[in-house]
Structure formats: C-alpha cells, structure tokens
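One structure is given below, encoded as structure tokens.
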Number of protein chains: 2
Amino acid sequence: MNYSINETSQLTGLSKYTLRYYEKEKVIPEVKRDSRGYRVYTEQDIEWLTFLLNIRQTGMPISKIKQFSQMRFKTETIPARRQMLLEHKESIIKQEERLKKSMVAIDAKIKRYEHYVQLQAEQNP
Amino acid sequence: MNYSINETSQLTGLSKYTLRYYEKEKVIPEVKRDSRGYRVYTEQDIEWLTFLLNIRQTGMPISKIKQFSQMRFKTETIPARRQMLLEHKESIIKQEERLKKSMVAIDAKIKRYEHYVQLQAEQNP
DNA sequence: ATACCGCTTAGAGTGCGCTATAATGCAAGG
DNA sequence: CCTTGCATTATAGCGCACTCTAAGCGGTAT
C-alpha cells in the first residue's frame, strides 16, 4: 500500500513540513515520486519512520538518527546499527532512572505541601 | 552556609551563565549580594535550585518553572504549587510509558539484527 | 478559460535554552 | 601603584528541531 504525504503525516504524527525536512536533511532516504512529482510513501517507509520516531521521542538527536537511517539498505552495517541501538538502550535506562529520582523528590514535596495544608486546617477548625 | 556563584555552579551542575540567566529571567528569586555586588547563594537557594533542576531535567519548560518558582515565598500558593507538581507527575508517568514502549521496539529490532547475523554465520560456517 | 487545490522547492524565520562577548569594576597581592 | 583575577552588566550569538512563506506547477471543477 502507498501513501501520500498527507496520509503519512496523519499515520506518523509528523507534520508535512517535518517529513520534507527529514528527507532534505537525509534523515530518511529519498522517497519515491508519482508522475506529478508528488511523494509516495510505501508501507516500509511508514514502518521505518515509525521506528525512527520511537528513538527520536526517547531523545536520540537528529544527527545520530541520520547516521543510523543512512545505513538502512546495507546489510553489512547491521553490527553497527545494533551497537547504536544498544547505546541508545543505555540512554533510555539512564532516563528511566532520572525520572524515578525526580518522582521521589516531587512526591516528597507534594507530601510537605499536604502536611502544611493539614496543619493549617487544624489550627483553624 | 553561603556560596559563591562558582561554588553554586559546581554544586548544582548549572553553568555560571545559566545561574545569571535564571535570575535575570526570574526563574529564581533575586539572590543576595555581598559588599562588592557579588552573588551570595544560601543553603536554601541551593536546595531550591536542586529541586527546580529535578523538574527541569524531567521536561518541565522554563516558563512553567518560572511560574512555580515565583510562588516560592507565598504560603497561600501551596495548593497551586501542589497542583502543578501533580500535573508534572502525570507527565513523568507518560514519559516512563514512552520509554518502555520505545524499549520494546528497540529490543525487537536488536533481536532481528542478531537473528540475521546468526543466519549469516550458519551459511558461512 | 480561469479559478482552485494540493503539491513542489529554496530559503527565511521561530522558540527554546542556554552560551559567549565586550566593557567595566573592585579589591587583594607583589 | 599596578597587575591579576574574579566578579558585574547588557547584549549578541548559537544549536537544535522544526515551521512557515513565497513562488510556481499540474490536474480537476465550473
């Protein structure tokens, strides 16, 4: 199945601007065109975009995604791609730890606030 | 205990530029000065900065941190502050979910890569 | 025929969060 | 007294990731 830029935008959540920008900046390989020169995205293009979006949304910078993405059609790059993903996994684990730490601090603060409100209520019953 | 901008920078990990920028932009309240006009950070300032950094590093935008921080010395703002933190907690939970989803996709991709490498090795033993 | 729609491109602009520069000041050490 | 060294300010610049504008083209509808 093939998709227009509009459909692709809706399927991925990326704006049309962003889809064109990604192609111009070689974050994704060149997309096929129809007779009018319009972009035609394949199912595989969508899948690739979706995967890239996954790593994008978890903080991989565009420059690295570009590196990763440019290896797409070369099977000999599989070890390098695997390595990049392993490193990104590490970064995700660090982010999870960051979120947990922050959660603890926030919970403590919320408790202090609630404790304060409680005391106020007791003093003015 | 009091701290110079240099010490504060080291304690918090924020650059001196950033510390001045936060103050100029009212992300933190005005810091006391010594006789020469140099900034003097108190223990409480450090604690506040550390907390702000916690919410900053988990994605709260500077504009919101500014709102939050400007309520610091008004006890009647405690319910509003609590509410902001509850909302930020929600955002952290969403981020955790995002990370988990991404992790699953990455793990699947890594497995596919390893499976591919495995097959290659079997064909050329 | 002409108006409109959706796409195309190159290139300019935006928002965020810093980061750096330039000019100046003050105070302690040689 | 003068240099060194750290601070101060206002203001400019940067990197990232988009986001938008302007000008133009091709196919369909009136």
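For region A:44-51, indicate whether the set of residues that are more than 10 Å from chain B (Cβ to nearest Cβ), within 14 Å of DNA strand C (Cβ to nearest atom) and among the β-branched types (Val, Ile, Thr) is non-empty. Looking through region A:44-51, none of the residues is more than 10 Å from chain B (Cβ to nearest Cβ), within 14 Å of DNA strand C (Cβ to nearest atom) and among the β-branched types (Val, Ile, Thr). Take the conditions (1) in the same structural domain as A:Asn6 (by TED's automatic domain parsing); (2) out of contact with any strand residue (DSSP E or B) (no Cβ under 6 Å at 6 or more places or on another chain); (3) within 16 Å of DNA strand D (Cβ to nearest atom); A:Asp34 misses just one of them, which is (2). Among what's in region A:53-78 and is within 30 Å of B:Asn54 (Cβ to Cβ) and charged (D, E, K, R), pick the residue that is farthest from the other protein chains (Cβ to nearest Cβ). This residue is A:Lys64.
The residue pairs whose first member lies in region B:89-107 and is more than 7 Å from chain A (Cβ to nearest Cβ), whose second member is modelled with pLDDT of 95 or more, and whose beta carbons are closer than 7 Å, counting only pairs six or more residues apart or on different chains, are B:Ser91/B:Gly59. Checking the stated criteria, A:Arg81 turns out not to satisfy the condition of being under 30 Å from A:Met1 (Cβ atoms), touching a residue at least 12 places away in the same chain (Cβ under 8 Å) and more than 10 Å from every other protein chain (Cβ to nearest Cβ).
When we screen B:Leu19, B:Leu11 for residues that are more than 13 Å from DNA strand C (Cβ to nearest atom), in contact with a strand residue (DSSP E or B) (Cβ under 9 Å, 6 or more places away or on another chain) and away from chain A (no Cβ under 14 Å), the only hit is B:Leu11. For region B:63-85, check the following and say yes or no: at least one residue is surrounded by 12 or more Cβ atoms within 10 Å (Cβ to Cβ) and within 16 Å of DNA strand D (Cβ to nearest atom). No: zero hits. The number of residues in region A:29-63 that are within 14 Å of the chain's Cα centre (by Cα) and in a loop (DSSP other than H, G, I, E, B) comes to 5.
The values are calculated or read from the model by the stated rules, or taken from the named source; none is laboratory data. For clarity, every value in this text was computed on a predicted model and none was experimentally measured. We place every Cβ from the backbone using ideal geometry, glycine too, and count neighbours over all the protein chains shown.
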